[in-house]
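First comes the structure, then the notes that go with it.
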Amino acid sequence: MLAELARQDQIANDLANGSTPGYKADRSAQGSFGEMLLVNRATGAEVGPLGMGAAVTTARADMSQAALRETGEPLDLALEGPGFLTVQTPSGARYTRDGQLMLDGQGRLATDSGLPVLDDKGGTIRLGTTADVTVSADGRITVGGRAVARLGLVTLTDPVKQGDSLFAGTAGARPDGTAIRSGFLEGSGVDAARAMVDMMTSLRAFEAQQRVVRAIDETLQKGISAGSVSG
Amino acid sequence: MPIGIYAAASGMAAQQVKLDAIANDLANTGTAGYKGVRVGFADLVYTERGGVQIGSGATAVDAGRSMRQGTMTPSGDPLSVAIDGRGYFQVRQADGTAALTRDGSFRLDAKGELVTATGARMVPPVTLPAGTAQEDVAIGPDGTITVKGAAAGKLALVEVPAPEGLRALGDNLFAVTTASGAAKPAAAAGEIRQGMLEGSNVDVATSMVELMAAQRSFELASRAIRTQDQLMEIANGIRS
């Protein structure tokens, strides 16, 4: 039952993030705990294996590409292909696929949470104006035709969600063939239909497990009352 | 207590912010110089439980306003002007504070001074000679005002480093904030078109689609709340 509760909490979080740009849905797999072999200590005879229930064994974000949605905003960037934008945070570099960008008060390119976005050399990108900004597919930013910087793109091994649309992980080389689309946003990776089906399936599994607990409870109760009759 | 019920509730709250923003945008499709609101979303912190990362929901993020140019519509009024570019007019409100606007539907007050539709004065002030007929006023692309060929002042443009950081004051006015940076004169920040008005940059069709998407997301999050409630009901039913 605890494993299903964890799954339900993940699905609830997925559904809450149904509109978060660049959000990646959580997938989890359940496995059973190691079984225990019961042995009669007096005789040494094996009674049989005892299962210890199920737990969520692996949970990872599904990093597959989500559909792009056109917004027409020059500072809305979508990544088409693997890779992450690099973002400067107080706790070091973090990575995101949420390309809804804006300028902060110092005219630097920043995420909508106000964190500066870094270029391919690890520096912040100062634009000064939102007018006449173009971003090419390979990440080169120009303001009024003048080249300013190139967006830093990295591949990420073992991405771990940090909240605020950010991921932590080990950054690698610039991914090949990932195009940046200006005027688009990558949608949320949550498939509403799949999440609803998962939610219902998990709910019924939870219900079935509750019946099992009740059945065991009733069996124990019968055993106890049988004992009190003979005693 | 499952945390999922709060995660789902935060998702509903985030969608509510988006719905409110779209409703405001749609109400302002006819407002001159109105700029649509950009609402972003982000996920919240993750906690680890039994080796599994569980998220705690979503939040709406203010991504400023869309700075796209609105469509120019002829107004037939020589005192209405539109900015073709990124600049703003700087005006002074009745309480003395400065504000920025792109709404160029100006008029002359009783003293012959050029003011906005709500009566805010220009910075610097522009006063036309007494008895000037509106038809005699000509405004050039650089903002130079001439009355029957004689120079009578200039409409100055300013700009800020990050227009997304401007705070909307209502009445088509924006206040400069630390997030937007200070306003500075910028003659090259746009050309002025006399006899035109810049319409709202809200695209009704896109907003309607976004409205429907936000409603569905809201509904999905509410379904997750109901399921979480059912989970607790089932757990309570273990001992009945």
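Checking A:LEU50 against (1) surrounded by fewer than 24 Cβ atoms within 10 Å (Cβ to Cβ); (2) among the aliphatic types (A, V, I, L, M); (3) closer than 19 Å to B:GLU48 by Cα, only one condition comes out false. Which one?
(3)
Please go through the range B:170-186 and pick out each residue that is at pLDDT 85 or above and within 25 Å of B:LYS154 (Cα to Cα).
B:ASP171, B:ASN172, B:LEU173, B:PHE174, B:ALA175, B:VAL176, B:ALA182, B:ALA183, B:LYS184, B:PRO185
I need every pair where a residue in the range B:207-219 that is facing chain A (nearest Cβ under 9 Å) has its Cβ under 7 Å from the Cβ of a residue that is among the charged types (D, E, K, R) and assigned to a helix (DSSP H, G or I), sequence separation at least 6 or different chains.
B:ALA214/B:LYS18
Checking B:ALA8 against (1) among the hydrophobic types (A, V, I, L, M, F, W, C); (2) under 30 Å from A:ALA3 (Cβ atoms); (3) surrounded by fewer than 23 Cβ atoms within 10 Å (Cβ to Cβ), which single condition isn't satisfied?
All conditions are met except number (3).
Of the numbered conditions (1) under 29 Å from B:ILE22 (Cβ atoms); (2) over 21 Å from the mean Cα position of the chain (by Cα); (3) not hydroxyl-bearing (Ser, Thr, Tyr), B:PRO163 fails exactly one; give the number of that condition.
So the condition that B:PRO163 fails would be (2).
Quick one: is A:ALA179 within 23 Å of the chain's Cα centre (by Cα) and at the interface with chain B (Cβ under 10 Å from one of its Cβ atoms)? Show your work before the answer.
Numbers: within 23 Å of the chain's Cα centre (by Cα): yes; at the interface with chain B (Cβ under 10 Å from one of its Cβ atoms): no.
In short, no.
Among the numbered conditions (1) away from every other protein chain (no Cβ under 13 Å); (2) farther than 17 Å from B:ALA27 by Cα, tell me where B:GLU198 comes up short.
Answer for B:GLU198: the failing condition is (2).
Within the range A:12-35, which residues are more than 17 Å from B:GLN15 (Cβ to Cβ) and at the interface with another protein chain (Cβ under 9 Å from one of its Cβ atoms)?
Correct list: A:ASP26, A:SER28.
Which of the residues belonging to the range B:144-153 are modelled with pLDDT under 90 and within 30 Å of the chain's Cα centre (by Cα)?
Correct list: B:GLY153 only.
The values are calculated or read from the model by the stated rules, or taken from the named source; none is laboratory data. Keep in mind that this is a model prediction, so the values were computed, not measured. Note that each Cβ is placed from the backbone with ideal geometry, even for glycine, and that neighbours are counted across all protein chains shown.
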